[in-house]
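Structure record follows, encoded as structure tokens.
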Amino acid sequence: MPASFNKTEDALLLIQLGEGNHLAFDILYKKYWSFVFNSAYKRLKDLSFAEDVTQDVFTQLWCNRQISEIKDLPNYLFISVRNRVIRLMEREGRYLPVPEVLENLKGMAESADAALLYRELKLAYETLVSNFSHQQQVIYKLRYLKNFSTEQIAHQLDLSPKTVRNQIGKINQKIRARILTIHIIIFFLLFLR
């Protein structure tokens, strides 16, 4: 949340924005840019995609300035980021890596439901990974736990990049087939906390 969050000031700026005031938009943009960018980057872990989402959120804010009645700007921006990230991930065929979901869910473990969901997902994840072939386990750990690129994995394992991409595709297919439903539920839980 921006340090200078002031609901009254935001309300006045939003009224001016609704009237087409470019200066009001610039002030809101400068005030909330890092908040929007950080929210996107936290979920995407990709600078370029996070910048695109940030630009889209502010473009949407400007384009909808006359039809949107925004009561809570930080919440509006957060929901806009969430929706854009979800659409981007669907379009790109990307999902949050399970270890990241587990880590985020672990932080929510103060509630009994979250703690139970965390244990169930962790067990399902560990079982799934243990059923991968040895090569798939190594590739999975390098890609999703150590964030190696396809080329880095290929070089380290002395494989062709195409083989690594094929194995990552098979790994992702297995993950989607087994725990996609739980993963989507947790994904939405993470955004609603």
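Where a number appears in this text, it was derived from the coordinates with a stated rule and is not lab data. None of these values were measured; they are calculated from a predicted model. We place every Cβ from the backbone using ideal geometry, glycine too, and count neighbours over all the protein chains shown.
Straight Cα distances below 19 angstrom link K122 to the lysines K106, K141, K146, K174, with same-chain residues fewer than 8 positions distant left out.
Taking 7 Å steps out from each Cα toward its Cβ at R165 and L23 produces label points 5.2 nm apart. Once the Cα-Cα distance is subtracted from the 0.36 nm per residue extended length, the K174 to N83 segment shows a gain of 30.2 nm. In this simple spin-label approximation, L47 and A11 carry label points 7 Å from Cα along the Cα→Cβ vector, and these lie 4.0 nm apart. Computed extension gain for H134 through E151, at 0.36 nm per residue and net of the alpha carbon distance, reaches 4.2 nm.
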